[in-house]
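Working notes for the structure below.
The values are calculated or read from the model by the stated rules, or taken from the named source; none is laboratory data. This one's a predicted model, so the numbers in the text were calculated from it and none came from an experiment. Cβ placement follows ideal geometry from the backbone for every residue including glycine, while neighbour counts extend to all protein chains displayed.
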Protein chains: 2
Amino acid sequence: MEIVRTVTELRQRLEPVRAKGRVGLVPTMGAFHEGHLSLMRRARAECTAVVVSLFVNPAQFGPHEDLERYPRNLAADCAFAENEGVDLLFAPPVDEVYPAGFRTYVDVEGLTERLCGAERSGHFRGVATVVTKLLCMVLPDRSYFGEKDYQQLQVIRRLARDLNLPGEIVSCPIVREPDELAMSSRNRYLTPAERVSARAVPRAWQAVRACFAAGERAPDALLDVARRVLEAEPGIRVNYVELVDAVDLTPIARVTAPALLALAAFVGKTRLIDNTVLCPEQVEAAPEERST
Amino acid sequence: MEIVRTVTELRQRLEPVRAKGRVGLVPTMGAFHEGHLSLMRRARAECTAVVVSLFVNPAQFGPHEDLERYPRNLAADCAFAENEGVDLLFAPPVDEVYPAGFRTYVDVEGLTERLCGAERSGHFRGVATVVTKLLCMVLPDRSYFGEKDYQQLQVIRRLARDLNLPGEIVSCPIVREPDELAMSSRNRYLTPAERVSARAVPRAWQAVRACFAAGERAPDALLDVARRVLEAEPGIRVNYVELVDAVDLTPIARVTAPALLALAAFVGKTRLIDNTVLCPEQVEAAPEERST
């Protein structure tokens, strides 16, 4: 595995590869966990050359967020990536991505104002801008993103389509700890006690899924179930619990099409997110439902 | 010359060409005049394949602007382009560029608020968005833009650098009528009487250049010269006359580095723009100046 720091080097290394086969890109902010590794494995299985970008993007952090303390460990990340057969690790310094005079931003309207966008003003502008840049730098045939950041995934799908960015956006399922907590680089902020409290987050959507499987289709009733689970855990402060259309993330009156249940909660100072998609067709088509 | 209507066809046609040599792109809104043709000739001289895009971009027109009556003549444009040896004319319908659900925009901050941006709210957002899209669709080695739309050119240079868009941005000099009026598709809106009035626009910057050559470096004095010429012509209503830094388009206290004199004026209902760059070094280095 080679580590490159500049866009010029990156393009030089990719030039000969491109003719031979498919280039895959896994954009990351480092601090790799099994979620990242699952994206690298999928890329490795599908592509001739796998590029992992590692860049803690200042543009997607708010002024009071955790940019400074976001976990960074290049040596460990290199070992992980090498072990997954990654060909190129692109780890640019900040001024390679945002040189002096930088002033161009990408906005995806209507998908970025709600959910995490309401809490984290400017966050998705930062995400959209850096992903546009990374896709233009690498010109990948396929790019891989995790479904844990579901809203981010929809924003990226939309901007890639809207700006005619090259290649295909591939999404990969959330990878979870044995107790179902979604893998996240921010999990390492949690104290042992907070780590126990954090279990309420997956418990919340599991309770909603059970209620949904039993036939409940009213958003208010489903959201109440999630809120009750979260509020029963004293170590947790709910940021939002929402049920929206799974494609355009707009509010729904009833679950008649795939719907996203999205949760964000603070455990101590650490903000965790999680989600699940409720699909009425699948449930209604399930044999046990049909036989009634 | 082949005419293609969809991004898929466009990419299919370019695929085999790309390996053989350089792809050149000339983005246009049609209604070709000698200015456009000069861009096509330059592209033809420098590239293996020349793509001309012809798209009257609704996103760069304001609600009260001339989108509907903007001149369109595909048959004549095809003949012109064919005559210049263009390989592909990409003339997409509006919904190919802005399909249902489109919601992603590119903003270049700080370069777009002044000059034409102050008059034409949202104009440069529309330009930046469509140019980003065209560059991503074509992935050209070189793209060609005219210097008549000087602010647009600086916006495009900046966004191409900031978003790591592929290829090089090449600028070409303004092409003028024999009486020095800058070529523009909008010149065909002018009545014969307005066409005579319009001559005051190039006369204005010519007077400024003469004053600058005589040693004047104070923006107010230079701008007064331009305004006096324009205001002496009853058929003209000044929109703006500004002298700004030629790179970042910010106001200047004195001409000590290349400065852009930019003019916009209404002749009847037609808005015309023109510009010239004043370079202190060149003038000061000129033999007649040195000998004094």
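When the stretch B:53-105 is limited to residues that are among the polar types (S, T, N, Q) and within 23 Å of residue B:7 (Cα to Cα), the one that is farthest from the chain's Cα centre (by Cα) turns out to be B:104. Could you tell me which residue of the stretch A:100-148 is nearest to the other protein chains (Cβ to nearest Cβ), considering only residues that are part of a loop (DSSP other than H, G, I, E, B) and either of a type in the set (S, T, N, Q) or within 26 Å of residue A:23 (Cα to Cα) (or both)? Once the filter is applied, the top-ranked residue is A:139. If you check residue B:62 against the conditions, is it in the same structural domain as residue B:22 (by TED's automatic domain parsing), assigned to a loop (DSSP other than H, G, I, E, B) and within 17 Å of residue B:129 (Cβ to Cβ)? Spelling it out, residue B:62 is indeed in the same structural domain as residue B:22 (by TED's automatic domain parsing), assigned to a loop (DSSP other than H, G, I, E, B) and within 17 Å of residue B:129 (Cβ to Cβ). Considering (1) within 23 Å of residue A:73 (Cβ to Cβ); (2) in a loop (DSSP other than H, G, I, E, B); (3) among the basic types (Lys, Arg), the lone condition that residue A:188 does not fulfil carries the number (2). Within the stretch A:191-230, restricting attention to residues that are among the hydrophobic types (A, V, I, L, M, F, W, C) and part of a loop (DSSP other than H, G, I, E, B), the residue that is nearest to residue A:269 (Cα to Cα) is A:198. Quick one: is residue A:72 within 24 Å of residue A:176 (Cα to Cα), touching a residue at least 12 places away in the same chain (Cβ under 8 Å), among the basic types (Lys, Arg) and not in a strand (DSSP E or B)? It is true that residue A:72 is within 24 Å of residue A:176 (Cα to Cα), touching a residue at least 12 places away in the same chain (Cβ under 8 Å), among the basic types (Lys, Arg) and not in a strand (DSSP E or B). For the stretch B:149-185, a residue qualifies if it is touching a Ser or Thr at 6+ places or on another chain (Cβ under 7 Å) and assigned to a loop (DSSP other than H, G, I, E, B), and the qualifying residues are B:163, B:165, B:167, B:175. Only residues that are free of Cβ contacts under 8 Å to residues at least 40 places away in the same chain and polar (S, T, N, Q) were counted across the stretch A:171-204, and they come to 1.
Residues of the stretch A:104-123 that are crowded, with 19+ Cβ neighbours inside 10 Å, farther than 16 Å from residue A:163 by Cα and of a type outside the set (Gly, Ala, Ser): A:112, A:115, A:116, A:120, A:123.
Scanning the stretch A:5-50 for residues that are within 14 Å of another protein chain (Cβ to nearest Cβ) and either touching a helix residue (DSSP H, G or I) at 6+ places or on another chain (Cβ under 9 Å) or assigned to a loop (DSSP other than H, G, I, E, B) (or both) yields a count of 9.
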